[in-house]
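Just below is one structure, and these are the notes that go with it.
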Amino acid sequence: MTNPMSDPDVQPRPPRPKLAIVRPKAVFVEHDKGAEDVPESRGWEFMTFLLGMLLGLLLFLATMPATSQTIPHPLDAHLSAAAQSELRSMVARSGAVFAGQVTQIRARTPQGQWLDVSSPAAAFTPITSRMLVAITFTVEQGIRGATDGSTYTLREWGGLWTGAPLNAGRYRLGQRALLVLYPERNGVTSPVGGTDGVLPLRGSGAAATVDIGWIQARLPRAEPSAFAPSRPVARPISSISAAVSADSIANMPVATRIAPFTAASAPADDLIAALRFWTASTPQP
């Protein structure tokens, strides 16, 4: 066997190269002398400041009163809050609300005949509970259950007329009023609150006014103040000699709380605008 190391045809293996160890060199970065170093903590402080400002703004908006509550309604100058509440309660019970003028008044007799207000018999024929009275209005301002320019016939039970004749009863020809009526039942209705649901309308155009003095009459005029607690008498009553007459007692001043003032009339445009708003926000019964 031939020795490979002595065979001339076999080339010797080249020596292995030595591994070179490369050490990282230090890199020196030179800061710009004109720039300022900003600490990282300042960024967090700025973010905290912005978050605090945002939370404060949200808290301010949440506690701020609504703008609609600070704007007074034109009707506030003529009606107190209690008077407006009284009128709104009437509107909530209404089936028809409109401003109009009376153009016809008729009564149906128990025999089924119609008696007109312009007839001679209307002066001496009393209206009874067995009769039906029909009052026709030309609608000037429709608010609920009536439209502008239409006609509305109010049919009332004759018993509401308390025996008055047709030409001297609850309505008259040419009368203009703002009516708040109950919903019809069996074709018959009446003003809400009796005659309170018929508000006289005076004037025309922008100068038109509605008589609302009745609202003040419905509100409590005065309420007695609470009595002071009794205190013991310093000496026996038998030793007190004083003559007190009935007149002096009647004329003694009594502490009372007067209801807020309500004007006798209000602009028709302002009142009608309020009625339209109330009827729109109140479902019809």
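The values are calculated or read from the model by the stated rules, or taken from the named source; none is laboratory data. Bear in mind that the values here come from a model prediction, so they are computed numbers and not experimental data. We place every Cβ from the backbone using ideal geometry, glycine too, and count neighbours over all the protein chains shown.
Looking at segment 96-158, the strands (runs of 3 or more DSSP E) lying wholly inside it that each contain 2 or more residues that are under 27 Å from residue 270 (Cα atoms) sit at 96-108, 132-144, 151-157.
State yes or no: is residue 42 assigned to a helix (DSSP H, G or I), out of contact with any Pro (no Cβ under 8 Å at 6 or more places or on another chain), at negative phi and at pLDDT below 75? Give the derivation first.
Working: assigned to a helix (DSSP H, G or I): yes; out of contact with any Pro (no Cβ under 8 Å at 6 or more places or on another chain): yes; at negative phi: yes; at pLDDT below 75: yes.
Yes; evaluated as a whole, the condition is true for this residue.
Scan segment 111-131 and tell me whether some residue there is surrounded by 14 or more Cβ atoms within 10 Å (Cβ to Cβ), of a type in the set (A, V, I, L, M), without any contact (Cβ under 8 Å) to a residue 40 or more places away in the chain and touching a helix residue (DSSP H, G or I) at 6+ places or on another chain (Cβ under 6 Å). The answer is yes; a qualifying residue exists.
Would you confirm, using the coordinates I've provided, whether residue 145 is surrounded by 13 or more Cβ atoms within 10 Å (Cβ to Cβ), touching a Ser or Thr at 6+ places or on another chain (Cβ under 7 Å) and of a type in the set (Gly, Ala, Ser)? No, not satisfied. Consider segment 149-163 and keep the residues that are surrounded by fewer than 19 Cβ atoms within 10 Å (Cβ to Cβ) and closer than 25 Å to residue 215 by Cβ. The one that is modelled with the lowest pLDDT is 162. Residues in segment 195-205 that are more than 16 Å from residue 88 (Cα to Cα) and free of Cβ contacts under 8 Å to residues at least 40 places away in the same chain: 195, 200, 204, 205.
So, restricting to helices (runs of 4 or more DSSP H) that lie completely within segment 168-285, which ones have at least 3 residues that are under 23 Å from residue 101 (Cα atoms) and either modelled with pLDDT under 65 or in contact with a strand residue (DSSP E or B) (Cβ under 7 Å, 6 or more places away or on another chain) (or both)? Explain how you work it out, then say what you get.
Details: elements: 213-218, 246-250, 268-281.
Ranges flagged: 268-281.
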